[in-house]
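Enquirer: Sharing a structure below in structure tokens format, with a few things to ask.
The values are calculated or read from the model by the stated rules, or taken from the named source; none is laboratory data. This is a predicted model, so every value here is computed, not measured. All Cβ positions, even for glycine, are placed from backbone atoms using ideal geometry, and neighbour counts span all protein chains on display. Ligands, DNA and RNA are stripped out before the accessible areas are found, and what is left, the full protein with its side chains, is counted by its heavy atoms. Shrake-Rupley method; radii C 1.70, N 1.55, O 1.52, S 1.80 Å.
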Amino acid sequence: MTKRALHWFRDDLRLADNPALACAAESGALACLYILDEDGDRRQLGGASRWWLSRSLDALSRELSSRGGRLDILRGDPAKLLPAFAESTGVARVTWNRRYDAASIKLDTCLKERLSDAGIEVRSFNGNLLNEPWQVTSRAGRPMMVFTPYWRAARARGEPAAPLAAPSRINAFPLPDSIRDESCRLAELGLEPSKPDWAGGLRESWTPGEDGAREQLGDFLGGGLGGYAEMRDRPGRDSTSRLSPHLRFGEISPGQIWHALGTARESGEAAGSATDAEKFLSELGWREFSYHLLFHNPDIATRNYDERFDSFPWKPDAEALRRWQRGQTGIPLVDAGMRELWQTGWMHNRTRMVTASFLIKHLLQDWREGERWFWDTLVDADPANNAASWQWVAGSGADASPYFRIFNPVTQSETHDPKGSYIRQWVPELAGLSERDIHQPWKASASALHEAGVRIGETYPSPIIDLAFGRQRALDAFAEIRKG
Ligand SMILES: Cc1cc2nc3c(=O)[nH]c(=O)nc-3n(C[C@H](O)[C@H](O)[C@H](O)COP(=O)(O)OP(=O)(O)OC[C@H]3O[C@@H](n4cnc5c(N)ncnc54)[C@H](O)[C@@H]3O)c2cc1C
């Protein structure tokens, strides 16, 4: 007999390689639900992520319809809405893929109990990681706090399972009127900005959804993967996969990426060497490691992992923070990164490290301020990767960059953007400067500035801080907490 099942979509907005959806679809008749919860304990999405979510739900809804299915969207508290939906539609099974932040774990535990008490079978799955955060441990069975042994242990667990196919046909059952009346249309959720509509750059830069993710992966495997190990540090080139927002919203799974890479390499369709492939997999490993850290340190976005940083002498400065956010620090590579972020919702990893280091170390602003800004402006803002990376840069995290390693943004710029093309793209007022002057325009000669039409302090800001002074001040601040 056909049974009814319900799949609850969360951070798994795809049909292929979706173990929870596959389990629900087995039952016969299926409802698919997304719940937008804007008041719960989970951290609320930032603006750029809300835009992405809206587009991704739209793509998912169209994909489901093309296979006979339907995406129902509700708004409110899942602890109430999910059981009410399940009970009033008479489903025998509810499925979801796991999330790993503390509020989600608490909610899922509650829901499991509530639904099971009502006689409904609940099945949850790992749909978004190569390994569950608790599956990789030290020999003594403890969480791992250093990346290299973590990744070695994770690799030793073998390949991820082969990806599951998307259900070819979905048999959606009709909803009772009471639920249909509560269902929202996507536009009603107000996820996309209107006044002002700041999302033009995002629309030009991205194709959210499962098809967009697949295409992005194909392009990368056949192109950008070539030379990835060396070129991935060069901002302004298509040298990385740009899969991060697709992974964040579960439009593609790391297992799919892993196997697509293996298949492309076997068939000779992948660009690049074994070293490029291995380096790329290890970046997926950093994502796994961040989730491992989040699971074992639920307040990773707010609490210093290294408690010595609790007494760090931050110098809160609203004006400095604002100039950093707007890309107006007068340090070209920092400004280029911050403007790329503002205009496209994404920033290259190298510039994420440089801009974060500059805020924390040269400007002595608390890393949590930067984390919050990235959370609001990144389309890939991720509860594990963002917080773990900010703590890594600050030096307060697990396996962190040592505090005294302070990126010099000029040297970084000369090394990773030697021709200044990334700066020219995002800081066009400096475009006329030579390759030598563009990294530190305040040192250019008066005639070079004049020829390039640059007036420091007028057409482009003076540096917000003297870099050598900022570096020494940061080292002194660190020495203080080390003493303490
Ligand atoms: C301060 C700071 C904040 C960051 N915030 C986020 C964030 O909110 N969301 C996010 O996904 N990444 C974050 N990162 C990590 C990294 O910058 C991005 O994952 C990467 O730039 C995404 O581009 P890509 O997909 O082209 O990466 P690729 O180089 O193609 O890597 C493939 C995938 O591996 C993962 N990955 C790569 N580098 C890292 C890393 N260092 N840590 C964890 N996972 C990684 C991502 O899922 C990425 O999509 C942050 C890094 C820093 C320094």
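Enquirer: Scanning for something in contact with a Ser or Thr (Cβ under 8 Å, 6 or more places away or on another chain) and either part of a helix (DSSP H, G or I) or without any contact (Cβ under 8 Å) to a residue 12 or more places away in the chain (or both), does segment 152-159 turn up at least one residue?
Expert: Yes, segment 152-159 has at least one match.
Enquirer: If Ala25 satisfies every condition in (1) in a helix (DSSP H, G or I); (2) more than 25 Å from Asp211 (Cβ to Cβ) but one, which is the exception?
Expert: (2)
Enquirer: Specify the residue that is nearest to the ligand (Cβ to nearest atom); the eligible residues are those in segment 216-251 that are open to solvent by less than 10 Å² (accessible area, probe 1.4 Å) and in a loop (DSSP other than H, G, I, E, B).
Expert: The extreme case among them is Leu243.
Enquirer: Asn385 fails exactly one of the following numbered conditions: (1) open to solvent by 10 Å² or more (accessible area, probe 1.4 Å); (2) more than 11 Å from the ligand (Cβ to nearest atom). What is the number of that condition?
Expert: Of (1) open to solvent by 10 Å² or more (accessible area, probe 1.4 Å); (2) more than 11 Å from the ligand (Cβ to nearest atom), only one is false for Asn385: (2).
Enquirer: Quick check on Arg67: is it more than 27 Å from the chain's Cα centre (by Cα), at pLDDT 95 or above and either within 15 Å of Arg123 (Cα to Cα) or not assigned by TED's automatic domain parsing to the domain that holds Trp373 (or both)?
Expert: Spelling it out, Arg67 is indeed more than 27 Å from the chain's Cα centre (by Cα), at pLDDT 95 or above and either within 15 Å of Arg123 (Cα to Cα) or not assigned by TED's automatic domain parsing to the domain that holds Trp373 (or both).
Enquirer: Sort out which residues of segment 291-340 are farther than 30 Å from Ser421 by Cα and of a type in the set (A, V, I, L, M), and write them in order of number.
Expert: Result: Leu293, Leu294, Ile300, Ala301, Ala318.
Enquirer: Which one of the conditions (1) in a helix (DSSP H, G or I); (2) farther than 24 Å from Asp11 by Cα does Ile406 fail to meet, given that it meets all the rest?
Expert: (1)
Enquirer: Taking Pro298, is it more than 11 Å from the ligand (Cβ to nearest atom), in contact with a helix residue (DSSP H, G or I) (Cβ under 7 Å, 6 or more places away or on another chain) and under 30 Å from Ile465 (Cβ atoms)?
Expert: No, not satisfied.
Enquirer: Another question about this same structure. Only one of Thr377, Thr351, Thr329 is at negative phi, hydroxyl-bearing (Ser, Thr, Tyr) and more than 15 Å from the ligand (Cβ to nearest atom). Can you tell me which?
Expert: Within the list Thr377, Thr351, Thr329, the selection yields Thr329.
Enquirer: While we're on this one: Gln328: closer than 13 Å to Trp426 by Cα, outside any helix (DSSP H, G or I) and either touching a helix residue (DSSP H, G or I) at 6+ places or on another chain (Cβ under 9 Å) or open to solvent by 50 Å² or more (accessible area, probe 1.4 Å) (or both), yes or no?
Expert: The answer is yes for Gln328.
Enquirer: Only one of these conditions is not met by Glu26: (1) in contact with a helix residue (DSSP H, G or I) (Cβ under 7 Å, 6 or more places away or on another chain); (2) free of Cβ contacts under 8 Å to residues at least 40 places away in the same chain. Which number is it?
Expert: Exception for Glu26: condition (1).
Enquirer: Hey, another quick one. Of all residues in segment 176-212, which are without any contact (Cβ under 8 Å) to a residue 40 or more places away in the chain, surrounded by 11 or more Cβ atoms within 10 Å (Cβ to Cβ) and aliphatic (A, V, I, L, M)?
Expert: none
Enquirer: Name the pairs: first residue in segment 345-356 and closer than 13 Å to Gly236 by Cβ and open to solvent by 10 Å² or more (accessible area, probe 1.4 Å), second residue modelled with pLDDT of 95 or more and near the ligand (Cβ under 8 Å from one of its atoms), Cβ to Cβ under 8 Å, at least 6 apart or on different chains?
Expert: Trp346/Arg242; Trp346/Ser244; Trp346/Pro245; Trp346/Leu378; Trp346/Asp380; Asn349/Arg232; Asn349/Thr240
Enquirer: Additional query: Restricting the search to segment 11-22, which residues are farther than 15 Å from Leu129 by Cα and either assigned to a helix (DSSP H, G or I) or outside the structural domain of Ser49 (by TED's automatic domain parsing) (or both)?
Expert: Result: Leu21, Ala22.
Enquirer: Sort through Arg372, Arg368, Arg405 and tell me the only one that's within 15 Å of the chain's Cα centre (by Cα), more than 11 Å from the ligand (Cβ to nearest atom) and open to solvent by 10 Å² or more (accessible area, probe 1.4 Å).
Expert: The unique qualifying residue is Arg372.
Enquirer: As an exercise: evaluate Ile257 against (1) on the phi < 0 side of the Ramachandran plot; (2) open to solvent by 40 Å² or more (accessible area, probe 1.4 Å); (3) within 11 Å of the ligand (Cβ to nearest atom) and give the number of the one condition it does not meet.
Expert: Among (1) on the phi < 0 side of the Ramachandran plot; (2) open to solvent by 40 Å² or more (accessible area, probe 1.4 Å); (3) within 11 Å of the ligand (Cβ to nearest atom), the lone unmet condition for Ile257 is (2).
Yes/no matrix, rows are residues, columns are (1) open to solvent by 20 Å² or more (accessible area, probe 1.4 Å); (2) at pLDDT 95 or above; (3) within 30 Å of Tyr150 (Cβ to Cβ):
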site: Ala84; (1), (2), (3): yes, yes, no
site: Asp108; (1), (2), (3): no, yes, yes
site: Leu115; (1), (2), (3): no, yes, no
site: Gln135; (1), (2), (3): yes, yes, yes
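Enquirer: Whether any residue in segment 206-216 is at pLDDT 95 or above and under 18 Å from Gly46 (Cα atoms) is what I want to check.
Expert: Checking segment 206-216: at least one residue is at pLDDT 95 or above and under 18 Å from Gly46 (Cα atoms).
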